[in-house]
Structures are given as structure tokens and as C-alpha cells.
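The values are calculated or read from the model by the stated rules, or taken from the named source; none is laboratory data. Predicted, not measured: the structure shown is a model, and the values here were computed from it. Quick reminder, even Gly has a Cβ in these numbers, built from the backbone with ideal geometry, and neighbours come from all protein chains shown. Each accessible area value is taken on the protein alone, full model and side chains, heavy atoms only, with ligands, DNA and RNA left out. Shrake-Rupley method; radii C 1.70, N 1.55, O 1.52, S 1.80 Å.
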Amino acid sequence: MELPDVTRAITAATSLATSLDLPANDAIVLHNSNKLALRLTPCDVLARVAFVGQEVAELEVALAQQLAKTGSPVGALDPRVAPLVYTRDGFAITLWTYYEPTTPHVAPADYAQALQQLHAGMRKLDVATPHFTDRITEAQEVIATPDRSPDLAEADRQFLRHRLASLRQAIENRGGPDQLLHGEPHPGNILSTKNGPLLIDLETCCRGPIEFDLAHAPEEVCAYYPNVDQDLLTNCRQLVLAMVASWRWEHGDQFPNGRQSGEDLLRQLREVQPSTFDTATDLR
């Protein structure tokens with residue numbers, strides 16, 4: 001969010017918390033991109049704030065409640081208030097338990113075990129969510145529409161277009177069972193707490209192969225996750241790089257240092273050897 005919107009969002013979140021008898025005299029910005037994560041004090045609430053209509057907070061709240069019942073390692077909603085999506089001043093706000101980090105990072109084995117437990121809990125749910133290929137389509141639309149990515153050079157546009165298409169086809173040809181996934185279980189979405197590792201940010205949930213989730217985790221984590229299709233994982237890793245690179249070039253993207261990130265991701269994708277991919281379906 002831009003600074004004026006951040007200021008408005010903080011005011012909306014603190015006034016909401018106060019109205020719910022949660023004292024909120026200050027707010028610390030923990031993360032700022034298309035949505036804002038705030039630590040409200042002294043009530044110690046994690047407030048997630050997004051523009052109304054640019055979030056799927058209802059899905060996130062419902063999933064958090066259902067996964068908690070399965071014993072899955074997910075961050076909990078704040079128990080002191082009703083588990084709702086609150087709206088104020090054009091923002092959708094959800095209130096969560098704030099967890100003080102116990103270590104800077106989650107150990108790879110613990111990270112993998114938390115993902116296994118989450119996937120097991122998700123297999124017990126019957127929830128309508130997008131398919132992971134819908135996110136590929138979103139990235140392809142950004143690249144295919146110059147007005148949505150006006151600063152992307154034509155050579156880079158064609159490179160990303162072909163890379164997204166070839167990886168999508170290779171993954172679809174590979175097959176594999178689909179299930180409910182977190183969608184983006186990268187290190188920023190797993191917390192080291194006194195209750196063990198907990199996954200947060202369920203807005204990105206989708207259906208697909210577990211390798212799509214593992215593609216967001218560090219490589220050393222995947223060594224502890226059993227029965228992984230390594231070829232599928234390799235293609236999913238490259239797919240994630242290509243999708244994120246596409247989104248970083250979208251006009252209005254608010255990811256911190258997004259343009260530099262987009263250039264770095266393009267460079268990483270070009271450094272990958274062609275043998276990494278299913279050359280029978282590579283459209284270059």
C-alpha cells in the first residue's frame with residue numbers, strides 16, 4: 001500500500017480494535033504489499049488489512065477455523081473477538097493471534113513436518129477453492145496485456161509467455177493427484193512459535209499437487225518431505241519463479257522493490273539449463 005493508504009489502514013485497524021475492547025494505542029507494520037500486516041499494541045493482535053474487494057478474507061477465516069479443528073499447525077484467529085471479516089473505511093480487516101517468534105528460522109525438518117501435517121488436515125476438508133492453474137492464467141494475462149505490464153521489454157515478454165506456457169503444459173502432462181494446498185508456504189508464511197511452527201496467510205489456498213506447495217519452500221525442506229515427484233517439483237519451482245516474475249512487472253504492483261525483484265527473477269529463469277524442462281512441450 002502507498003503511504004497515505006497505510007496511514008488510513010492503521011487508523012481503521014486501531015479504531016476497530018478499540019471498538020472491540022482491544023486496547024490499540026500503537027501499530028507496528030510487519031509487512032506491506034497488496035495487504036498490510038500490523039501488530040497492534042498493547043493488546044498484541046495481528047491485524048491483516050486489505051482493500052475491500054481485493055481480498056478473500058472470508059475464505060481465509062473459514063479455513064483457519066476448519067483447520068484448527070483438525071489440529072493443523074495454522075495461526076489462530078484472536079479468541080477475544082468474533083471470527084469475522086470486519087469492514088471499516090473501505091478496508092477488510094481480520095484479527096489474529098500474534099505469536100512472538102522464538103527463533104529466526106524454522107528448522108528444515110520441522111518445516112517439512114508442519115507442511116505434512118497441514119496437507120493431511122487439508123485432505124479432510126471439502127472446500128471450494130481455485131485451482132493452481134488459475135494463478136498461471138492470471139500471470140499469463142499480465143504478460144499478454146501490454147497495458148498491464150507496460151515497462152516489460154518485448155523480448156522479456158515473449159520469454160515469460162513461452163516459459164509460462166511450456167511449464168504449464170509440462171506439469172499438466174505429468175499429472176499427479178490434486179488436493180487442497182496452502183498456495184504460498186514460503187518462509188515468510190511459517191512462524192517459529194512456542195507452539196511449534198505455524199503456517200499463516202491462507203488467502204492463497206488452491207488445489208493442485210503437493211509439489212506446487214513444496215516449490216515455495218527452501219530446497220533443504222523438501223528433503224524431509226516423503227514421496228516427492230522430483231521432476232514435478234523442479235518444474236513447479238520454475239513455474240513459481242515465472243509467475244512471480246510476471247506479477248512483479250504488473251502496473252501498480254506494490255511489492256517492496258518489486259521492479260528489482262522482477263529483473264532478478266528474469267535473470268534466474270534465463271540461467272536455468274534447458275534440460276531442466278520437458279523439452280517435448282517447451283514452446284520456444
When the residues of segment 188-227 are narrowed to those that are open to solvent by 30 Å² or more (accessible area, probe 1.4 Å), in a loop (DSSP other than H, G, I, E, B) and hydrophobic (A, V, I, L, M, F, W, C), which ends up nearest to Glu58 (Cα to Cα)? Ile200
Considering Leu160, Leu239, which residue is touching a residue at least 12 places away in the same chain (Cβ under 8 Å), farther than 27 Å from Arg48 by Cβ and either outside any loop (DSSP other than H, G, I, E, B) or among the β-branched types (Val, Ile, Thr) (or both)? Leu160
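Table: residues versus (1) within 17 Å of Asp78 (Cα to Cα); (2) open to solvent by 10 Å² or more (accessible area, probe 1.4 Å); (3) part of a strand (DSSP E or B).
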site: Val6; (1), (2), (3): no, yes, no
site: Thr18; (1), (2), (3): yes, yes, no
site: His31; (1), (2), (3): no, yes, yes
site: Arg48; (1), (2), (3): yes, yes, yes
Given the condition assigned to a helix (DSSP H, G or I) and more than 21 Å from the chain's Cα centre (by Cα), answer yes or no: does some residue in segment 112-119 qualify? no
Among the residues of segment 50-79, count how many are assigned to a helix (DSSP H, G or I) and either of a type in the set (D, E, K, R) or open to solvent by less than 10 Å² (accessible area, probe 1.4 Å) (or both). 8
Could you tell me which of the residues Val244, Val228, Val221, Val240 is at pLDDT 95 or above and touching a His at 6+ places or on another chain (Cβ under 7 Å)? Val240
Within segment 94-107, can one find any residue that is without any contact (Cβ under 8 Å) to a residue 60 or more places away in the chain and in a strand (DSSP E or B)? yes
